[in-house]
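Notes follow the structure.
Each value in this text was obtained by applying a stated rule to the coordinates, not by laboratory testing. In this text, all values refer to a predicted model and were calculated from it rather than measured experimentally. Cβ: placed from backbone, ideal geometry, glycine included. Neighbour counts: every protein chain shown.
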Amino acid sequence: MTDTAAIDTSTVCAVIVTYQSNAAALNALLDAVTPQVGAVVVVDNASDGVWQLALEHRRPDVALLRQPCNVGLAVAQNAGIDWARTHDCRHVLLLDQDSEPGVGMVAALLKALQALSIDNKVGAVGPRFHDRREDRDAPFVRVGFPRSQKLWCESEAQCIACDFLISSGALIPLEVIDQVGAMDAGLFIDNVDMEWSFRARAKGYALYGVCAATMHHHLGDERRALPFGMGNIVVHGPPRLYYMMRNRLRLYGMRQTPVVWIAQDVPRVLVKLLLFGVLIGPRWRNLRFMLRGLWDGLAGRQGACPADLLR
């Protein structure tokens, strides 16, 4: 483990976005992150009130910002970032409710950020992710064509330059957000992190994965076996498929999106239509949500999934 004892993480505010969170999982996250940062703010998207009351009574050191409705991931993150700014923090650590930082993760991220910033214009750093369900780490990615390059940690000493970081676990200086801009509220949930990463890269900022920092994270709602022994696939519910399809088309039209990413992503649209519209149920509902997402993406629709589609 890299020595991070001398790193002062009191400048870091953890911003946790929740929606109908599991109370045990949320408390495990808070137990893990609270000792590692100077402040914690939970931004809740109008979840049921039971766990909120438990949080308030058990966590006097955690700020809770209730949203009037489900305003989406990006708006909630921006609310937490604004809270951190008004409370004199200099960095934000973005976290999803289903993530759990490893011991010393924040110090390792901040140490890497400080070291890398000596010779580089660094926008954000992120940990390597370990999915307990598959018992393996996820790679960092360099966008390429016809396929992106997957970069794996080989030692804790590595800091890997990459083209995007998933939002959960990303450590970002507030001065960088001032230059790059806030999260795109119109995307609501999916690809919020990718859009911000592409925007930061377009403004000349580098992004790094820090191998000395580890976080456990669940990607997708579940894993499901494909027919004919074709392996397993990450499965999302129909509303998430709507956002995935709609928001990727929105990214296609943004100047900061790399052309090579668009070129290699278009075939993925066809693959997802095949997988979730033909092979993985609920097929018709999946297909209906995905096609509506593509249509709304072409039309430039933003915000929450349309209410008529959810009925």
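Things to note:
- Paramagnetic label zone (point 7 Å from Cα along Cα-to-C-beta, L274; backbone N under 18 Å) in region 137-154: 146-148
- Net length gained if the chain between T34 and D308 were fully extended (0.36 nm per residue, minus Cα distance): 94.6 nm
- Nearest-0.05 FRET efficiency for W284 and A182, computed from C-beta distance (R0 25 Å): 0.10
- Percent RCO, i.e. relative contact order, over region 143-199, from Cα pairs under 8 Å lying at least 6 residues apart: 37
- Ordering of 208-217, 295-304 by packing [mean C-beta count within 10 Å, highest first]: 208-217, 295-304
- Extension gain, D8 to R147, is 46.1 nm, computed as 0.36 nm per intervening residue step minus the present C-alpha separation.
- Region 269-281 - phi-based ³J(HN,Hα) in whole Hz, Karplus 6.51/-1.76/1.60, Gly and Pro as x: 4, 5, 5, 5, 4, 5, 5, 8, x, 10, 9, 10, x
- Taking 0.692 mPa s as the viscosity and 37 °C as the temperature, the Stokes-Einstein diffusion coefficient of region 222-310 based on its alpha-carbon Kirkwood radius rounds to 240 µm²/s.
- Per-residue ³J(HN,Hα) for region 138-145, Karplus 6.51 cos²θ - 1.76 cosθ + 1.60, θ = phi - 60°, Hz, x for Gly and Pro: 8, x, 8, 10, 10, 5, x, 9
- Here the contact order of the chain, divided by its residue count and restricted to Cα pairs under 8 Å and six or more residues apart, works out to 18 percent.
- Those Cys residues of the chain for which no other cysteine Cβ falls under 4.7 Å: C69, C159, C162, C305
- Under 17 Å from the L291 label point (7 Å along Cα→beta-carbon), backbone N, region 242-281: 242-243, 245-246, 269-281
- Cleavage-rule hits (trypsin sites (Lys or Arg not before Pro)) in region 74-173: DSSP loop, at most 10 neighbouring Cβ within 10 angstrom: R132, R147
- Spin-label model, A23/I118: points 7 Å from Cα along the beta carbon direction are separated by 4.8 nm.
- Relative to one another, the C-alpha centroids of region 274-311 and region 71-145 are positioned 30 Å apart.
- Region 158-311 - percent relative contact order, Cα under 8 Å, separation 6 or more: 26
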